[in-house]
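Everything on this sheet refers to the single structure shown next.
Where a number appears in this text, it was derived from the coordinates with a stated rule and is not lab data. All values derive from a computational prediction rather than experimental measurement. As a convention, Cβ positions derive from the backbone with ideal geometry for all residues, glycine included, and neighbour counts pool all protein chains shown.
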Amino acid sequence: MTRKKLDAGIMTSLVLLVAILVFFTIRTKGNMISVFNLTTIMDQALIVIIAGLGSIFVVSLGGADLSVGTTLGISTVVGAALADATGNEVVLFPVAITVALTIGFSNGFLVAKLKVPSFMVTLAHLIGMRGVMLYVQSVSSGFYRAQSLLLTLKNDAFKIPILIILIIVMHFILSHTKFGTYCKAIGENESVALNVGVPVAKVKIIAFMLSSFMASVAGFFMMAKVGGTNNTMGINLEIDVLMGIFLGGVLVTGGYSASVVKLLIGSFTISVIKNGMVLAKWSAIEITEVTQGVLLILILFVMILLKQRSGATARPDTLPKDPTV
Amino acid sequence: MTAAREPVLHIEKLCKSFGPTKANTDIDFELDRGEIRGLVGENGSGKSTLLSQIAGVIASDRGTMYLNGEIYAPQSPLDAYARKIGIVVQELGVIGTLSAGVNVFIGRTDAFTRAGIVDKKKMNAEIREIARKWGLADIPLNKPAKSLNVESRKQIELLRALAIDPQILILDEITQALSYDNRKRLHDLILTFKEMGRSVLIISHDLEEIAEITDTLTVLRDGRVVDTVRSDKVTMNDLKRMMVGREIEGDYYRTDAAPSREDRIVLSVRDLTVRKEVRSMSFDLHAGEILGFCGLSDSGIHMLGKALYGLEEDARGAVLLPEKGVRIKSSKMALENNIAYVPKERDGEGLMINAEIRDNFCLPSLDGMKGKFGLLSAKKLNDAANKAKDAFAVRCRDIFQEVGGLSGGNKQKINLGRWIAKDLSVLILDCPTRGVDVGVKSYIYRLMRDLKAKGLGIILISDELLEIIGMADRVFVVKYGEIAQELVRGTGFSEEAIIEVML
Amino acid sequence: MSLAGGFKKNVLPFVLLILAIIVFAVVVNVIFEGKFLTATNINALCISAIIASFSAWGYCFIFALNYMDLSVGAAITLIIYASGELGNLIGPAGVVIGGIAAGVILMTINFNIFAWSKIPSWVAGLGMCLVYEAAAAKYADIMQQNGKYVVLLKEEYSIFGHAPGAYIVFAVGLTAAYILYNRSSLGINVRSIGNNPAIAKAMGIRIPSTLIITGLVCGIFIGCAGFMKESYMLRVYAMTGLSSLSIIFPPLATVLLAQVFERWMNLIISIPFCALLIYIIYNVLSIIGVPSGTLQEAVLGLCVLVFGVIAQKGTREVVK
């Protein structure tokens, strides 16, 4: 990690986080930083972090996965329906994961091989899958009640270690494996990656599958927390994940600016904001949404400004374009 | 006798550089009314740059231009149009999604609007009138430009230039796109221009054609004007001699005068075809051989480089590694089989500009950087990058600096250097010394000599003939996607010989 | 792409298309035992298609600049409220003025953000979607606090929600869209900028002012979609949680489908037909008994993907 990159991205996000924490602590007269509240925040951030651990790969290659929320919903709903039908809870896990991986593959294939922009593909899945999910729920026996195996995920003794393991594993994959480096290289400049010999299509497909996979894992935790399935599962998750990633200082174009550390800072920040707003009695949906919308635009604007300023030091080396001088 | 009239265009000491590349140096130029002037010179001689400055497409660094005695400093092609200079240059083009007719009057459609609606009938009628007036063929005006062929698109640009009734017409490599009939029409048009007392500036690779239709020819070499001669008095040999004939300085390049290579073949190409750009090329590359490829802009040599590395999905034919019995079908396979490719567009396709030097260096070699548990080891990455940085004497702050902040020469060192670290069998270079200062150039040539001695097979694709002659064992001169001729290092291995085939 | 000249070539596809739709409609009607071709059903289909067409025409301009605005759904909700409130105050004129004014304001904001902030338009649009959704929710909240629901347009003012008002507006809109996109300097300049900004600039097209005017034009069409929807539905509830994205999908699918046919039919003109086609599919699904809001959305998502793929075929550039 270069000092320079640490400065721009992580510094900004840390400053933002601290500023927001301070703001809300004052506003809520200290309630913000009570132990109980901090654990609540961690709890809420958990889902976003887990989903984000997958989506960060897609963002790192310069794309976006807007379907994570719906993938979470539909994978758990289908898994639950089958678990219900067979009466066996264990069935839920492999089924949900398979559904998620299929969606991920379809996303990746459409983007990598058929060259449809990622936001459009994942948006189509968002809308489409939501419809399918509601359909499945309308024809199945209603909502599922979480059984004992799932409920273990509610137990802190299991939750925290699993989360930490996931964070560490994903961090290493993104920062210390060939695959992760290839993702970031594609985000930096896809033509360069192609010219070097990176199997771009394959990497993209795997990244999308990873994103969907983590969405289903987040789904398990959500089911445990909520006690089963309902029909608003995962709604808005994609926004929270994107905000978590961008607030942490990752650029829209991804590249080497993508890191799990930034995701963590950003996810924490968005959870603090949401939590703080509830504590400060600003929990109405309109306030949360407008804050999210404005913040999203602001943080991206600032990051672009910062990037432009640091890029201004690059020596202009304009070569004549093809064909001849 | 009437006093000599003022030249319509007068240029003094015009200069333009792109980084370390001096594209035009101290150009003095005069164009009279009713004169048809051709610009000739090989790739990199500066003729397109000169025309682009006159056309207002790029801004000059120094020097002055005078049009009819008044200072002329166009900020954009619009200024050129306003001063009645019609241009057909390669940097512009057509808007594919709009119709041909609209393209002719793009940006000036307001002249045909009534109540906000563009009167297409009136516009198309005027275009046909222009075509008729200048004796040009009709083209379908209502179809979107992207559905027309290259020739018709050039016609659109020509009509666009003629629509302003220009006093100077600038044509940059338009003739090669035209069929025989249309070429004839263009020649007639040029003659009409002359009769009307207007002037034409034209670039073409076809020396015989350009000598035939012009009054005078200006020869450029290395960004400077060599001479301006009368077309009817100069011979082809004179022209070619003026275009080339530099002294090869010192041991910049290789000093041996005979080709050398090992017997074993490292790369074998059979009937390689990429759409219409590369047509059924076949050749063998030996170990320890530098094989040069050169040609004009439409020769397909750059596409060849990409195809050799497995980057072109549309490629047909075979790229084989005989020693390993492998056929290259993708860039991933090429990478795995120790082939390296250094593309021509350094900033756009070779380097990740906003990423660190270390990341750029290590990207092709990640397999060798693994440490514990098969994860990439930061230590190995840093060591490799530092080693390369020292070995190539890259001038930078440290390996964590952004590549974008380096000079062209240092960037090229990274572009090349990251491959050299690997144990290569084949190296494909496309314009390796483009935009690079003399010091780094000689460094790169030295590097190539060392690699050749080690038994590497090198493919050298270049627009610089001197470079090819200086470094290659063999040269393939390519025309329209096919190998026109093979020249072997030794006597007769000269710029003149190559130009002879190329033009 | 003009209709003048080439009568046979240009009008024939449309004639074929209309025939195909009629045949298809008759067949469907027979299959569903007359449930399809009822007056109410046809009317509902046509009005929905008209509303989607206005949004789709707005999208033509957005796409021409290579933008993608995801906030249009939420913007339409706000437009509907403005249109309804003003309409209840001063009548049908208020419906139109409120709608168009709101549309122009919102789209101008969006275009300015796209043009100057350098943030990719889909992300910026996503952010604005949240903002507009919040604004709509706030309005609903305020109304609720006063003991009311969101605005309900009075029946007598809803002349644009059914024949003949709706069809008159449609005819005007179609003409305006066709002229603006294909035959005005604005349309030409916008499409040039989107296709090749370098040439556009070199040829003297003023990019900043063109962008602003395009935002205006876009706003007018979206505004029309808004006030027509209000006239038709009389009351629309605020949607949050990005669910307003589903409002975008029918017009989006329409434009993509029209792009597939662009080689044979003018984009602007084929849009109403494509919209009708899509709503017919919706309708058929509902008649089968699929609960609304479920599989219809899935089919729509599938449509967007399929048309998007076809429209993209042959793209050689890098796509993220």
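Given the peptides C:40-52, A:98-110, C:144-156, C:162-174, arrange them by the average over their residues of other C-beta atoms within 10 Å, most packed first.
Working: C:40-52: 19.3, A:98-110: 22.0, C:144-156: 12.6, C:162-174: 15.5.
Sorting C:40-52, A:98-110, C:144-156, C:162-174 by mean packing, highest first, produces A:98-110, C:40-52, C:162-174, C:144-156.
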Hz values of 3J(HN,Hα) by residue in the range B:151-162 - Karplus curve (6.51, -1.76, 1.60), Gly and Pro given as x: 4, 5, 5, 5, 4, 4, 5, 5, 4, 4, 5, 6
List, in order, the whole-Hz ³J(HN,Hα) value for each residue of the range B:379-387 obtained from phi through the Karplus relation with A = 6.51, B = -1.76, C = 1.60 and θ = phi - 60°; use x for Gly and Pro. 4, 4, 4, 5, 4, 4, 5, 5, 4
Note down the nm distance, to one decimal, between modelled labels 7 Å out along Cα→Cβ at B:THR113 and at B:ASP238. 5.4 nm
Which residues' amide hydrogens lie under 5 Å from the amide hydrogen of B:VAL225, considering only partners 5 or more residues apart or on another chain, with H built in the peptide plane? B:ASP28
Each residue of the range C:117-124 in order: what ³J(HN,Hα) in whole Hz does its phi give by Karplus 6.51 cos²θ - 1.76 cosθ + 1.60, θ = phi - 60°, with x for Gly and Pro? 7, 6, 7, x, 4, 5, 5, 4
Computed [θ] at 222 nm, deg cm²/dmol, the protein assembly as shown (DSSP H ≥ 4; -39,500 (n - 2.57); rounded to nearest 500): -18000 deg cm²/dmol
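Which of the peptides A:203-211, B:95-103 is most tightly packed, and how do the rest follow, judged by the mean count of other Cβ atoms within 10 Å per residue?
Details: A:203-211: 25.7, B:95-103: 23.4.
The packing order, highest mean first, is A:203-211, B:95-103.
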To the nearest 0.05, the calculated FRET efficiency linking B:GLU30 and C:ILE213 through their beta-carbon distance, R0 being 51 Å, is 0.70
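Rounded to the nearest 0.05, what FRET efficiency do A:ASP156 and C:ALA39 give with R0 = 60 Å and r taken as the Cβ-Cβ distance? Could you check? Don't skip to the answer; put the middle values down first.
On the way: r = 62 Å, r/R0 = 1.04.
For R0 = 60 Å, the calculated efficiency reads 0.45.
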Quickly rank C:206-218, C:116-128, A:184-196 as a protection proxy: mean count of other C-beta atoms within 10 Å, highest first. A:184-196, C:116-128, C:206-218
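Determine the gain in length on full extension of the stretch B:SER260-B:SER442; use 0.36 nm per residue of separation and subtract their C-alpha separation, reporting nm with one decimal. Each step should come with its number before you reach the end.
Values: separation 182, 0.36 × 182 = 65.52 nm, distance 2.07 nm.
Taking 0.36 nm per residue and subtracting the Cα distance, the gain is 63.5 nm.
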The rounded separation in angstrom of the Cα centers of the range C:244-320 and the range B:89-108 is 31 Å
proj_area_mean for the range C:7-312 (convex hull on C-alpha atoms), units nm², value 16.7 nm²
Which of the three applies to the protein assembly as shown, rounded, prolate or oblate, going by the alpha-carbon gyration tensor with a ≥ b ≥ c and a/c under 1.5 meaning rounded? oblate
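What FRET efficiency comes out for the pair B:ARG132/B:GLU212, r = Cβ-Cβ distance, R0 = 22 Å, nearest 0.05?
Values: r = 25 Å, r/R0 = 1.16.
After rounding to 0.05, the efficiency reads 0.30.
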How many partner chain Cβ atoms sit within 10 Å of a residue's Cβ in peptide B:350-358, on average, as a whole number? 6
Using amide H atoms built in the peptide plane, which far-off residues or other-chain residues are under 5 Å from B:VAL118 H to H? C:SER184, C:SER185
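What does the structure give for C:232-241 when I average, per residue, the other chain Cβ atoms found within 10 Å of the residue Cβ?
Values: counts 0, 0, 0, 0, 0, 0, 2, 0, 6, 8.
If you average over the peptide's residues, the count of other-chain Cβ atoms is 2.
What average count of beta carbons from other chains do you get within 10 Å of the Cβ of residues in A:281-290? Before the final figure, lay out each step's value.
On the way: counts 0, 0, 0, 4, 9, 14, 4, 4, 14, 9.
Taking all residues of A:281-290 together, the mean is 6.
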Please report the spacing between the Cα centers of the range A:41-107 and the range B:393-420 in Å, no decimals. 42 Å
The simple spin-label model distance between B:GLU496 and B:ASP390, using points 7 Å out along Cα→Cβ, in nm, is 5.0 nm
Two-site label geometry, B:LYS370 and B:LYS324: point separation in nm, points 7 Å out along Cα→Cβ: 1.7 nm
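How large is the Kirkwood hydrodynamic radius of the range A:1-93, counting all unique pairs of alpha carbons, in Å? Don't jump to the answer; show the numbers that get you there.
Details: mean 1/r = 0.0591 Å⁻¹.
Result for the range A:1-93, one decimal place: 16.9 Å.
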As straight-line cross-link partners of B:LYS120, the qualifying lysines (C-alpha separation under 26 Å, not fewer than 8 residues apart within one chain) are B:LYS84, B:LYS133, B:LYS143, B:LYS146, B:LYS154, C:LYS8, C:LYS9, C:LYS201
Roughly how many whole Å is it from the C-alpha centroid of the range B:56-77 to that of the range A:169-192? 47 Å
The lysines whose Cα lies under 23 Å from the Cα of A:LYS225, excluding any fewer than 8 residues away in the same chain, are A:LYS154, A:LYS159, A:LYS274
